[in-house]
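Readers should treat all values here as calculations from the given coordinates under stated rules, not as data from a laboratory. No experiment lies behind these values; they were computed from the predicted model shown. All Cβ positions, glycine included, derive from the backbone under ideal geometry; neighbour counts span all protein chains shown.
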């Protein structure tokens with residue numbers, strides 16, 4: 001019997017495991033986290049008195065259902081939490097569990113590795129008190145903490161409003177919700193957003209909530225600086241009319257949509273293509289999630305689609321696996337595929353309504369830090385590129401400047417680096433190249449290798 | 001000016017855990033992440049290797065790798081994904097930098 | 001032939017090609033350098049960055065010592081830095097047999113004027129307290145150094161350019177042929193260039209080019225597994241090597257520890273793929289933590305490998321062609337090219353300009369492959385397997 005390994009116990013991974021179990025398989029489900037649910041359906045730590053039903057709002061039923069379904073699955077799968085897959089070599093996954101390296105063989109591999117926030121650098125963004133927007137939600141859901149007493153939500157994302165609402169609900173003060181995309185651009189994206197009217201309405205509801213609460217809500221802003229002496233004290237920005245504002249705050253939640261955690265897909269041999277709406281290199285799959293024989297990708301780790309699309313794409317990839325093992329079930333798979341296509345189209349609309357601020361990134365001052373791991377400024381990248389025989393492609397820029405060479409391996413700075421390199425060569429993002437992945441996917445201690453060599 | 005970063009808005013019912021950070025005792029609750037424990041007591045998680053500037057984590061989901069703290073045993077912990085354990089001794093900087 | 005001409009055309013913009021271009025230009029030659037990608041993209045930019053003097057192949061010393069002077073003078077010569085650091089090099093033995101081999105290396109090094117200090121326990125620990133107890137003895141060569149390979153090649157290329165060398169990046173050479181007393185070089189865009197002399201420094205593609213002129217060498221491609229740690233407190237001043245090859249490591253001033261090790265893995269030079277098997281990364285992690293216990297808690301953040309050309313006698317081909325006047329080869333550097341790169345450029349330019357045969361290049365003639373190749377002990381020890389298996393050029397000969 002084939003050994004099926006799923007990496008990632010979020011909505012996509014759980015949905016896939018469920019489909020496979022129903023057909024008599026016992027997949028291995030590997031997850032880095034302590035508790036299943038991924039980022040979107042993250043569960044609070046035990047003994048935390050947190051009203052998740054209230055926090056999840058309209059998504060509460062789905063949240064509860066997913067965890068109920070997962071609880072029913074745990075006995076029927078080989079569930080391995082707190083386990084990092086740090087490398088893939090052919091059919092062998094290299095794991096790190098409880099500080100030790102081990103391996104597992106997979107004849108069929110489904111990666112559902114999720115996403116993280118995409119970040120645009122700006123002056124002051126490395127100050128303590130600046131967190132990712134997703135991080136602001138994790139602090140709340142996982143730990144019952146707000147990232148500050150008075151929080152500014154900045155970026156370009158529908159989740160700015162959602163997170164601000166959750167923070168208000170939990171007694172936090174919201175200094176401002178500031179979106180870099182203008183209202184006109186948002187209006188232009190409306191036709192695509194009608195692909196999911198329910199989600200669109202929910203978003204408009206959040207907007208109304210924000211206004212009702214008296215929170216400043218700005219569209220089309222230009223972020224100027226996050227200021228403070230050793231930690232965040234204020235956010236300075238220019239509004240769409242050109243007026244400068246300073247918002248006192250002790251924390252900033254920063255987010256410009258999501259980017260797939262596609263490092264494992266890269267190591268597992270997926271190929272990538274540049275997506276002009278998302279302005280990211282994304283792993284290539286067929287409509288069912290097949291990346292190459294034996295490798296399947298699902299959820300936000302392959303194409304940003306949100307939790308509902310993740311769930312559907314996880315189930316869809318599981319049907320693809322079953323079909324490739326000789327048990328096709330088109331009746332189940334085809335409607336799922338339609339659903340995934342529709343939900344991802346909606347996200348494509350969102351990517352336009354909440355645009356990656358290309359011009360703002362390209363206009364950043366030389367002193368702005370681009371790579372927070374290695375403290376590489378945008379100016380250092382531009383200077384390296386401007387020399388004779390200077391690099392013109394992201395991997396070479398990394399080699400010359402160390403931008404993207406640190407602990408996070410370009411996860412955080414990668415998308416902005418792409419734009420800085422593209423700007424310096426007067427080309428589009430695709431021509432700047434794609435930062436190649438290398439193991440380990442996350443840092444691993446030398447001690448993990450086990451006993452000292454004899 | 002605030003002196004702590006995180007604001008706790010949901011109570012913890014777990015066991016009391018005491019750890020130390022930069023020589024000061026911190027009281028946390030079983031189930032807290034190291035990062036939440038540090039930031040509900042202060043503003044700092046670590047000092048950056050290049051220039052000593054303060055850092056306090058960023059992504060909070062184990063991706064950005066900007067919250068590795070030093071353990072008294074010489075090891076390293078990623079604060080946002082590591083639960084607190086009684087008796088942990090943590091530092092914002094490596095031993096050599098602390099002595100200076 | 002149509003189009004322009006030059007004195008010397010160099011194929012290959014690796015470290016060897018750019019140093020050769022630099023010295024040729026200093027001697028007044030008009031030089032055009034062709035690089036199929038960008039300068040320093042292959043092993044010149046991905047190697048470990050060791051500038052080691054002790055323990056080299058005996059015949060390499062005149063070349064290595066001249067090279068070392070040039071590295072020491074890099075900034076003045078080239079006009080920008082490459083993180084050159086005179087770190088010293090500590091060569092470690094785990095037992096008496098290894099110590100005896102170290103001693104043999106030390107004597108050769110000393111014959112060539114390299115200063116070697118011999119250290120045994122407990123003095124070794126006292127001097128380098130971060131070193132664990134496993135190393136029983138070591139030799140220390142204070143003049144050995146390291147540099148950043150990612151920076152060196154582009155810097156030399158820029159210096160060559162300032163001297164008038166024309167560097168054509170993204171220029172893939174599709175044909176080379178005799179033309180009159182010289183050659184004509186054709187690139188993928190159809191451009192032709194005439195030249196009086198031709199330097200074959202094409203790395204992975206060098207044999208293909210040599211074969212255009214009726215000679216060959218049994219080069220095969222392989223790469224050492226390498227990794228780098230996060231920045232850690234600076235403790236390890238010298239670069240560090242064990243004679244069994246399990247650890248070749250150094251710590252940069254920023255604190256990252258870089259490791260390379262044996263056995264090397266066969267690579268696909270043309271496809272530009274040099275895999276790093278995770279099992280090798282783990283073995284190297286164990287070996288490094290065993291040698292320097294304080295690093296056990298450090299984290300590896302990235303692995304990589306670079307494709308290097310190896311020859312069965314573990315020494316490169318440098319010098320004039322056996323078949324074709326005014327054709328010169330420099331390839332198959334067996335992982336030693338970084339340190340000797342500047343000297344190769346220096347002596348090769350003398351060979352081309354003066355028509356001389358500089359003695360430091362004598363051991364490296366391609367002529368040695370006219371008869372069956374000598375297979376170095378290292379060749380068996382430092383690779384996964386007989387890496388020459390299936391190698392057309394080598395297996396064609398009786399051995």
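Pairwise Cα distances in region A:172-231 exceed 16 Å in 59 percent of cases. Straightening the chain between residue C:77 and residue C:208 buys 43.8 nm, computed as 0.36 nm per residue apart minus the Cα-Cα spacing.
Of the DSSP beta bridges with both residues in the protein assembly as shown, give the percent that are antiparallel, rounding to the nearest 5.
Values: 98 of 151 bridges.
The answer is about 65 percent antiparallel.
Taken residue by residue and averaged, Cβ atoms of other chains lying within 10 Å of the Cβ of A:267-275 number 0.
With the convex hull of its Cα atoms as the shape, region C:45-111 has an orientation-averaged projected area of 5.7 nm². The three principal axes of the C-alpha atoms in chain C carry coordinate ranges of 69, 49, 40 Å, sorted with the longest axis first.
The order of B:73, C:346, B:48, going from fewest to most other C-beta atoms within 10 Å of their C-beta, is B:73, B:48, C:346. The spread of Cα positions in region B:16-92, taken along each principal axis and listed from longest to shortest, comes to 34, 25, 22 Å.
The stretch between residue A:102 and residue A:284, if pulled fully straight at 0.36 nm per residue, gains 62.6 nm over its current Cα-Cα span.
Applying 1/(1 + (r/R0)^6) with R0 = 60 Å to the Cβ-Cβ distance of residue B:73 and residue C:175, what FRET efficiency is obtained, to the nearest 0.05? It would help to have the intermediate numbers written out before the result.
Values: r = 63 Å, r/R0 = 1.05.
Plugging the Cβ-Cβ distance into 1/(1 + (r/R0)^6) gives 0.45.
Just how far, in whole angstrom, is region C:267-330 from region C:151-183 if you go by their alpha carbon centroids? With region C:151-183 and region C:267-330 each reduced to a Cα centre, they are spaced 25 Å.
Here the gap between residue C:272 and residue C:216, fully extended at 0.36 nm per residue and compared with their Cα-Cα distance, gives a gain of 18.0 nm. With a simple spin-label model that places each label point 7 Å from the Cα along the Cα-to-Cβ direction, the separation between residue B:24 and residue A:54 comes to 3.1 nm. Using the rule -39500 (n - 2.57) for each DSSP H run of four or more residues, divided by the residues of chain C, the 222 nm mean residue ellipticity is -8500 deg cm²/dmol. Among A:375, B:3, sorting on how many other beta-carbon atoms sit within 10 Å of each Cβ, with the fewest leading, yields B:3, A:375.
Values of log10 I(q)/I(0) for region A:364-432 across q = 0.11, 0.17, 0.22 Å⁻¹ run -0.20, -0.49, -0.84, by the Debye formula with one identical scatterer at each alpha carbon and no solvent. Put a dot 7 Å past the Cα of residue A:201, heading toward its Cβ, do the same for residue A:3, and the two dots end up 4.8 nm apart.
Using alpha carbons only, the radius of gyration of chain A set against its Kirkwood radius gives Rg/Rh = 0.96.
Across the protein assembly as shown, the convex hull enclosing all Cα atoms gives 177 Å³ per residue.
Taking a temperature of 4 °C and a viscosity of 1.567 mPa s, what whole-number D in µm²/s does Stokes-Einstein yield for region A:175-310 with Rh from Kirkwood over alpha carbon pairs? Don't jump to the answer; show the numbers that get you there.
On the way: Rh = 17.9 Å.
Translational D for this selection: 72 µm²/s.
So if we plug the beta-carbon distance of residue A:65 and residue C:100 into 1/(1 + (r/R0)^6) with R0 = 51 Å, what FRET efficiency do we get, rounded to 0.05? List each step's numbers first, then the result.
Numbers: r = 71 Å, r/R0 = 1.39.
After rounding, the FRET efficiency stands at 0.10.
Spatial offset of region B:1-67 relative to region A:367-446 amounts to 29 Å, using the alpha carbon center of each. Over all pairs of different C-alpha atoms in region A:119-256, the reciprocal of the mean inverse distance, the Kirkwood hydrodynamic radius, equals 15.0 Å. Taken over the alpha carbons of region C:1-99 as equal point scatterers, the Debye sum produces base-10 log I(q)/I(0) values at 0.16 Å⁻¹ of -0.89.
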